[in-house]
1. Of everything in the range 39-73 that's part of a helix (DSSP H, G or I) and loosely packed, with under 10 Cβ neighbours inside 10 Å, which residue is modelled with the highest pLDDT?
2. Would you confirm whether any residue within the range 13-27 is of a type outside the set (Asp, Glu) and at pLDDT below 75?
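The values are calculated or read from the model by the stated rules, or taken from the named source; none is laboratory data. Predicted, not measured: the structure shown is a model, and the values here were computed from it. Note that each Cβ is placed from the backbone with ideal geometry, even for glycine, and that neighbours are counted across all protein chains shown.
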Amino acid sequence: MRTIFGVFGLLIAVAIVAVLAKKQMGALTVAPTGMPAVPASATLPQQSQQIQQQVKQSVETTLQQARPMPDEK
């Protein structure tokens with residue numbers, strides 16, 4: 001009886017991990033909203049160049065934003 005509960009508990013734990021892993025993998029496939037799509041008609045080097053420019057612009061914009069200062073208590 002103890003073995004059955006042990007196996008049952010293990011199956012429940014594996015099921016929970018599988019559901020969480022599936023959620024995480026689904027979240028990874030979503031395209032970032034801040035990055036505009038690259039046209040499919042562009043050649044591979046053009047697409048690469050456009051993506052590099054988009055990332056560079058995104059990083060520069062992020063670096064220019066002011067960091068919130070924590071409140072001193």
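1. Only one residue fits best here, namely Glu60.
2. Looking for residues that are of a type outside the set (Asp, Glu) and at pLDDT below 75, one finds at least one in the range 13-27, hence yes.
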